[in-house]
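All remarks here apply to the structure that follows.
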Amino acid sequence: MSHQHHHADESHAGHDHADHKHEHAHEHDHGYVFGRNTEIIFSLMAGALLAIGFGLSFITGIAHGVSIACYVVAYFFGGYFATVEAATTLARGRFDIDFLMLVAAIGAAILGDWAEGALLLFLFSLGHSLEHHAMNKARRSIAALSSLAPATAIVQRNGNETEVLLSEIVVGDIIVVKPNSKIAADGVVIKGNSSVNQAPITGESIPVDKQPVANPDADFSNEKGIPEQHRVFSGTINGSNVLLVKVLKKTTDSTLSKLIQLVSETVSQKSPTQLFTDKVQRYYVPSVLILVVTLLFAFLVVDEPFSKSFYRSMSVLVAASPCALAIATPSAVLSGVARAARAGILVKGGAPLENLGALTAMAFDKTGTITEGKPRLTGVVTFNEVTENDLLTVVVAVESRSDHPLAAAIVNDARARLQQDVPVAGNLQAIAGRGVKAVLNNDVIFIGNKELLQEQGGITLNEEVLQKVQHSEKTGNTTMLIQRNKDVIGMLSVMDIPRTEAATAIQQLKVSGIRKVVMLSGDNQQVAEAVATQVGITEVWGNLMPEQKLESIKKLIETEKKVAMVGDGVNDAPAMAKSTVGIAMGAAGSDVALETADIALMSDKLSALPFAIQLSRRCGSIIQQNLWISLGMVAVLIPLTITGIASMGPAVMAHEGSTVIVALNALRLLAFKGRTMNISREDRKK
């Protein structure tokens with residue numbers, strides 16, 4: 001995975017240190033004597049030889065040449081990787097930090113200071129190897145995603161089970177998923193009940209129960225419509241029962257491969273701080289080189305030998321190299337992105353990661369984001385001394401024949417309340433925009449809005465019924481009345497209810513400094529406000545078409561500067577693209593959401609949002625710390641080396657030390673836990 005590095009100015013004479021270095025970081029992993037640890041081992045060998053040579057130089061009777069020989073071999077081990085990398089970048093027509101360090105070491109050898117040169121190379125190689133190690137650790141944390149998919153899958157073909165490679169799976173194949181094994185492709189369950197651990201993809205900690213679809217031969221091309229209990233994703237882990245899964249996507253198009261591909265591209269989006277440090281380096285590196293060359297000629301002005309001037313200029317060169325500055329931001333961004341990926345949050349690069357922490361306003365789409373996106377039966381009222389069971393039996397008998405989306409929701413929830421077998425009504429006729437009429441046990445049944453009962457049912461509704469309807473609609477419900485022959489026997493309320501965690505998540509966002517939370521909805525204002533009240537959102541903009549959502553975001557940006565749009569990615573795409581940070585919910589399985597959003601929450605749990613914001617803020621503060629460490633060290637070292645107070649040895653130690661501290665500081669992000677906020681009563685009332 002290439003790292004998000006400094007192509008700031010291809011020709012600049014300095015610090016492409018980072019970008020080439022990370023390309024090589026991988027090569028150090030294989031093909032060398034000691035595998036991925038070769039670089040560290042070479043560095044330690046250089047250190048050991050330096051120490052032996054230094055020790056021997058104090059023993060009388062041992063020829064001076066023996067110490068020199070130790071230093072020369074130390075040069076080889078300490079300078080090996082620096083030479084390889086310097087040669088690679090020189091071939092591309094660029095200087096870099098490795099080249100500058102080699103020049104300094106060769107200069108020391110020419111002046112006969114072999115020990116000093118060996119020390120320089122030892123410390124430089126040690127610093128580098130530790131920094132590579134740290135960066136690779138963050139990278140491996142991201143690469144761990146790709147090891148989620150199993151290597152092979154068991155497929156049922158012509159009645160036989162055969163094991164095939166992932167690349168040989170085709171859409172429509174039936175794969176057999178054994179207990180406790182990884183699922184190999186995105187698909188729907190056609191046989192078996194099991195609970196699946198989706199944490200690797202969605203970050204959800206609790207396994208999700210899966211059950212077979214009613215009709216395995218149906219057309220599943222509209223993935224958005226497949227309920228969660230039937231669909232599975234590649235890379236998730238099956239529980240204790242066998243599942244048969246019908247494959248819906250080639251493995252190269254699965255959610256997991258999309259994720260891996262996006263994370264790989266991700267790291268190339270530079271953050272604002274990154275762009276700033278690139279700019280600093282563009283002017284800084286040439287000025288350092290000018291300073292060093294000027295200092296080389298100090299012997300012409302000051303009465304000192306050339307060797308002393310050369311030495312001083314080499315020390316300044318080491319002190320002023322912006323190694324730590326170059327990795328200050330990328331190392332933190334890389335660790336932040338890796339940590340987010342582990343929690344089921346896909347952050348596309350440094351810019352969204354930094355912006356997330358600076359947000360002051362958030363706009364939420366209502367349906368499917370704040371709410372579950374599927375209507376539920378919220379109220380059953382009976383009239384005329386009819387029992388609830390009697391009423392629900394009538395409702396299920398009639399509505400189970402209807403293909404209206406609300407009918408399915410009502411039947412589902414009513415059946416759960418009834419727990420008994422129900423007859424089926426006959427002669428069903430739908431009356432557009434009003435409801436349905438049917439016959440059940442020779443009774444004529446009407447189910448629909450009040451207009452249906454007054455026009456078709458031919459009755460006048462009494463005050464009690466009308467009040468109940470009005471109250472139900474005021475609280476955001478869709479209401480249906482049920483008439484049997486000439487009697488109104490009951491009323492049902494149906495509503496797309498808020499997600500269970502929505503209220504807490506909104507509250508946590510307010511506590512973490514999001515000043516303005518707005519809900520945008522295509523629903524009518526009354527319904528939208530009813531939902532908003534339940535979750536604690538005070539501003540509601542209803543009756544919006546997708547293009548009006550876009551206008552709303554523009555309006556918010558004018559007053560709030562940094563605004564996030566949270567939606568489910570399909571009709572919210574334009575608004576997401578316009579916002580500072582577009583956040584898609586429940587992106588597992590939705591290509592549109594994955595591609596249009598800057599941040600994709602793989603699960604549809606809103607609770608991931610406060611965590612993402614906290615992570616972003618922690619990342620921001622680590623980047624600030626890293627910049628202070630790296631720039632502070634340079635600011636202290638340059639004057640000390642110019643005045644000759646610090647010689648090359650201490651300069652190298654301090655320089656490499658700061659680089660390693662910066663890399664390790666960034667790695668702290670991998671362990672970030674986030675704080676679960678206990679929200680006080682006072683906060684809730686706000």
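Some values worked out for this structure:
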{"quantity": "Contacts under 6 angstrom Cβ, first residue in region 192-216 being touching a residue at least 24 places away in the same chain (Cβ under 8 Å) and of a type in the set (K, R), partner surrounded by 16 or more Cβ atoms within 10 Å (Cβ to Cβ) and in a strand (DSSP E or B), 6 or more apart", "calculated": "K210/V189; K210/S194; K210/V196"}
{"quantity": "Selection count, region 161-179, where residues are polar (S, T, N, Q) and either surrounded by 13 or more Cβ atoms within 10 Å (Cβ to Cβ) or modelled with pLDDT of 90 or more (or both)", "calculated": "1"}
{"quantity": "Residue list for region 517-574, filter: surrounded by fewer than 15 Cβ atoms within 10 Å (Cβ to Cβ), of a type outside the set (D, E, K, R) and on the phi > 0 side of the Ramachandran plot", "calculated": "N543"}
{"quantity": "Top-ranked residue in region 270-304 [being touching a residue at least 40 places away in the same chain (Cβ under 8 Å) and either in contact with a strand residue (DSSP E or B) (Cβ under 8 Å, 6 or more places away or on another chain) or β-branched (V, I, T) (or both); ranked as nearest to A635 (Cα to Cα)]", "calculated": "V288"}
{"quantity": "Pair list, Cβ under 8 Å, 6 or more apart: region 610-626 residue without any contact (Cβ under 8 Å) to a residue 40 or more places away in the chain, other residue crowded, with 20+ Cβ neighbours inside 10 Å and of a type in the set (F, W, Y)", "calculated": "none"}
{"quantity": "Test: residue in region 250-258 that is outside any loop (DSSP other than H, G, I, E, B), of a type in the set (V, I, T), within 15 Å of G344 (Cα to Cα) and at pLDDT 75 or above", "calculated": "yes"}
{"quantity": "Enumeration of residues in region 396-437 that are of a type in the set (K, R), more than 24 Å from E464 (Cα to Cα) and surrounded by 15 or more Cβ atoms within 10 Å (Cβ to Cβ)", "calculated": "R401, R415"}
{"quantity": "Selected residue [in contact with a Leu (Cβ under 7 Å, 6 or more places away or on another chain) and either surrounded by fewer than 18 Cβ atoms within 10 Å (Cβ to Cβ) or farther than 30 Å from K555 by Cα (or both)] from L466, L452, L481, L440", "calculated": "L481"}
{"quantity": "Those helices (runs of 4 or more DSSP H) lying entirely in region 267-337 with at least 2 residues more than 22 Å from G112 (Cβ to Cβ) and either at pLDDT 85 or above or among the β-branched types (V, I, T) (or both)", "calculated": "272-296, 298-301"}
{"quantity": "Residue, surrounded by the fewest Cβ atoms within 10 Å (Cβ to Cβ), within region 180-210, restricted to residues that are part of a loop (DSSP other than H, G, I, E, B) and among the β-branched types (V, I, T)", "calculated": "I206"}
{"quantity": "Residue within region 211-228 that is modelled with pLDDT of 90 or more, buried (at least 18 other Cβ atoms within 10 Å of the Cβ) and either among the small types (G, A, S) or touching a Lys or Arg at 6+ places or on another chain (Cβ under 6 Å) (or both) present", "calculated": "yes"}
{"quantity": "Selected residue (only one of A363, A319 is out of contact with any strand residue (DSSP E or B) (no Cβ under 8 Å at 6 or more places or on another chain) and buried (at least 18 other Cβ atoms within 10 Å of the Cβ))", "calculated": "A319"}
{"quantity": "Considering residues of region 472-505 that are part of a helix (DSSP H, G or I) and charged (D, E, K, R) only, the residue farthest from V411 (Cα to Cα)", "calculated": "K474"}
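So that you can scan it fast, the table gives a plain yes or no per residue for (1) touching a strand residue (DSSP E or B) at 6+ places or on another chain (Cβ under 8 Å); (2) small (G, A, S):
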| site | (1), (2) |
| --- | --- |
| D186 | yes, no |
| N197 | yes, no |
| I206 | no, no |
| D217 | no, no |
| I226 | yes, no |
| G235 | yes, yes |
| G239 | yes, yes |
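The values are calculated or read from the model by the stated rules, or taken from the named source; none is laboratory data. As the structure is a computational prediction, the values presented were derived from the model and not from experiment. Neighbour counts run over all protein chains shown; Cβ positions are idealised from the backbone, glycine included.
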